[in-house]
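Undergrad: Got a structure for you, written out below as structure tokens; questions coming shortly.
The values are calculated or read from the model by the stated rules, or taken from the named source; none is laboratory data. Remember, predicted model here, so these are calculated numbers, not experimental data. Note that we place each Cβ from the backbone using ideal geometry, even for glycine, and neighbour counts take in every protein chain shown.
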Amino acid sequence: MSRLYSRAELLAAIHPAELMQAVEDGFAAYSRGEVVVPPVGRLDFDEPPGDCHIKYGYIRGDDAFTVKIATGFYRNPERGLPSSNGVVLVFSSRTGELLAILQDEGCLTDLRTAAAGAVAAKYLAPSKVECIGIVGAGTQARLQLEYLKEVTPCRRVLLWARSAERAAAFQAAFQVEGFQIDLAPTVAGLALRSQLIVTATPARHWLLGADDVQPGTHITAVGADGGGKQELDPRLFARALCAVDSRKQCAQFGDSSYAIQEGLIANDDLIELGEIVQNRSLGRKNAAQITIADLTGVAVQDIQIAKLALRRLTLTPN
């Protein structure tokens, strides 16, 4: 009989360092061709704006496979609701039985995305980061900064967000944790002073311009996961080393796809993060190089966080 686990139980089971390692291992397995990941299922909604993603797959040899349904409705905070929700279903790959229902309400997707951003920074960010730039003030922006504590000692942050109210709440929350959070009036101004930038918005036109990014900067872009979303100026990709979670996905949607469509880069210019994990020489070449991690979210991340949670909760698919 399948077990039902609540959001609270799942949150208690996940620890950042363990999750980062699991996601890192998952990226490597994906790039080695050991993961079966069908195309993403997607529904887009106009009014109110939102989307639903269905991501599913398995790692060859595992005893279980996962099906994840995740939603994002971006006006929900105006109603006092979280912008993301969802559920992860875990099935036996031996019998097809439903083993567990992870009623995570979207938190597992949020956490595995934050962990992926931290892994990207671990491998691609410059060795000296004096200021972190955060574009966006929602749940994912907060988690990205939270997980960056695992990879950089920098606690100075410039924040830009469309909502002054959410920016103020973000600022108050992190100052309690020892961060110095200043508000940037423009994204361009933020880029001028930041060596590590994270964009975490549902923008549909780029926010971060190619001419504003300084040499040596690393950018992690997590918002453009489909549905016409875009955060980065396509011209930026012509100046940078372009790392992606999935070459196939990012060539179809995400910020990389716009640069490919405009002929600024080719598919072969995209390097998978899992390839860099296995061979660090494929990553940053020097201190002046601009690097981008375009993260659209791959089912192997959902597989890995589900496995980690279930190991912690004593149900043990390998």
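Undergrad: Taking the criterion of being part of a helix (DSSP H, G or I) and of a type in the set (Lys, Arg), would at least one residue in region 5-21 satisfy it? I'd like the intermediate steps shown before the answer.
TA: Step one: list which residues in region 5-21 are part of a helix (DSSP H, G or I), which gives 7-13, 16-21.
Then drop every residue that is not of a type in the set (Lys, Arg), which leaves 7.
Yes, some residue in region 5-21 is part of a helix (DSSP H, G or I) and of a type in the set (Lys, Arg).
Undergrad: Sort out which residues of region 66-114 are outside any helix (DSSP H, G or I), under 16 Å from ALA22 (Cβ atoms) and either at pLDDT below 95 or among the hydrophobic types (A, V, I, L, M, F, W, C) (or both), and write them in order of number. Working first, answer last.
TA: Filtering region 66-114 down to residues outside any helix (DSSP H, G or I) leaves 66-75, 80-106.
Cutting the leftovers down to under 16 Å from ALA22 (Cβ atoms) gives us 66, 68, 88, 90, 102, 104.
Across region 66-114, the qualifying residues are VAL88, VAL90, LEU102.
Undergrad: Across region 215-233, which residue is surrounded by the most Cβ atoms within 10 Å (Cβ to Cβ) among those that are among the acidic types (Asp, Glu) and at pLDDT 95 or above?
TA: As a first pass, look at region 215-233 and keep what is among the acidic types (Asp, Glu): 225, 231, 233.
When the remaining residues are screened for being at pLDDT 95 or above, the result is 231, 233.
Numbers: GLU231: 26, ASP233: 22.
Applying the filter and picking the extreme gives GLU231.
Undergrad: Test ASP182 against the stated conditions and say whether it is crowded, with 20+ Cβ neighbours inside 10 Å and of a type in the set (Asp, Glu).
TA: Values: crowded, with 20+ Cβ neighbours inside 10 Å: no; of a type in the set (Asp, Glu): yes.
Spelling it out, it is not the case that ASP182 is crowded, with 20+ Cβ neighbours inside 10 Å and of a type in the set (Asp, Glu).
Undergrad: Same structure, new question: Output the number of the condition that GLY136 fails; it satisfies all remaining conditions of (1) in contact with a helix residue (DSSP H, G or I) (Cβ under 8 Å, 6 or more places away or on another chain); (2) surrounded by 19 or more Cβ atoms within 10 Å (Cβ to Cβ).
TA: With respect to (1) in contact with a helix residue (DSSP H, G or I) (Cβ under 8 Å, 6 or more places away or on another chain); (2) surrounded by 19 or more Cβ atoms within 10 Å (Cβ to Cβ), GLY136 is out only on (1).
Undergrad: Also, I was wondering about something else. Which of the residues belonging to region 49-72 are under 15 Å from GLN140 (Cα atoms) and in contact with an Asp or Glu (Cβ under 8 Å, 6 or more places away or on another chain)?
TA: Within region 49-72, the subset under 15 Å from GLN140 (Cα atoms) is 70-72.
Matches in region 49-72: THR71, GLY72.
Undergrad: Quick test for you: out of LEU270, LEU236, LEU295, pick the one residue that is closer than 23 Å to THR66 by Cα and touching a helix residue (DSSP H, G or I) at 6+ places or on another chain (Cβ under 6 Å). Lay out the reasoning, then the answer.
TA: Numbers: LEU270 fails: closer than 23 Å to THR66 by Cα; LEU236 fails: closer than 23 Å to THR66 by Cα.
Just one listed residue meets the conditions, LEU295.
Undergrad: Given the conditions (1) under 23 Å from TYR56 (Cα atoms); (2) at pLDDT 95 or above; (3) surrounded by fewer than 24 Cβ atoms within 10 Å (Cβ to Cβ), report the number of the one that ASP212 does not fulfil.
TA: With (1) under 23 Å from TYR56 (Cα atoms); (2) at pLDDT 95 or above; (3) surrounded by fewer than 24 Cβ atoms within 10 Å (Cβ to Cβ) applied to ASP212, the lone miss is (1).
Undergrad: Another question, then. Give all pairs with beta carbons closer than 7 Å in which a residue from region 45-61 that is among the polar types (S, T, N, Q) meets a residue that is surrounded by fewer than 19 Cβ atoms within 10 Å (Cβ to Cβ); count only pairs at least 6 apart in sequence or on separate chains.
TA: Qualifying pairs under 7 Å: none.
Undergrad: Go through (1) farther than 21 Å from ALA17 by Cα; (2) in contact with a strand residue (DSSP E or B) (Cβ under 7 Å, 6 or more places away or on another chain); (3) part of a helix (DSSP H, G or I) for LEU310 and report which single condition fails.
TA: (1)
Undergrad: So, of the residues in region 23-60 that are of a type in the set (Gly, Ala, Ser) and under 14 Å from LEU273 (Cα atoms), which turns out to be surrounded by the fewest Cβ atoms within 10 Å (Cβ to Cβ)?
TA: GLY33
Undergrad: Could you run through region 287-300 and say how many residues are out of contact with any Leu (no Cβ under 7 Å at 6 or more places or on another chain) and in a loop (DSSP other than H, G, I, E, B)?
TA: 6
Undergrad: Say we look at region 234-286 and pick out the residues that are small (Gly, Ala, Ser) and in a helix (DSSP H, G or I); which of these is surrounded by the most Cβ atoms within 10 Å (Cβ to Cβ)?
TA: Filtering first and then ranking leaves SER256.
Undergrad: While we're on this one: Of all residues in region 51-72, how many are touching a Lys or Arg at 6+ places or on another chain (Cβ under 9 Å) and not aliphatic (A, V, I, L, M)? Even if it seems obvious, please write down each step before you answer.
TA: Of region 51-72, the ones touching a Lys or Arg at 6+ places or on another chain (Cβ under 9 Å) are 51-56, 59, 62-64, 66-70.
Narrowing the set further to residues that are not aliphatic (A, V, I, L, M) leaves 51-53, 55-56, 62-63, 66, 68.
Here the count works out to 9.
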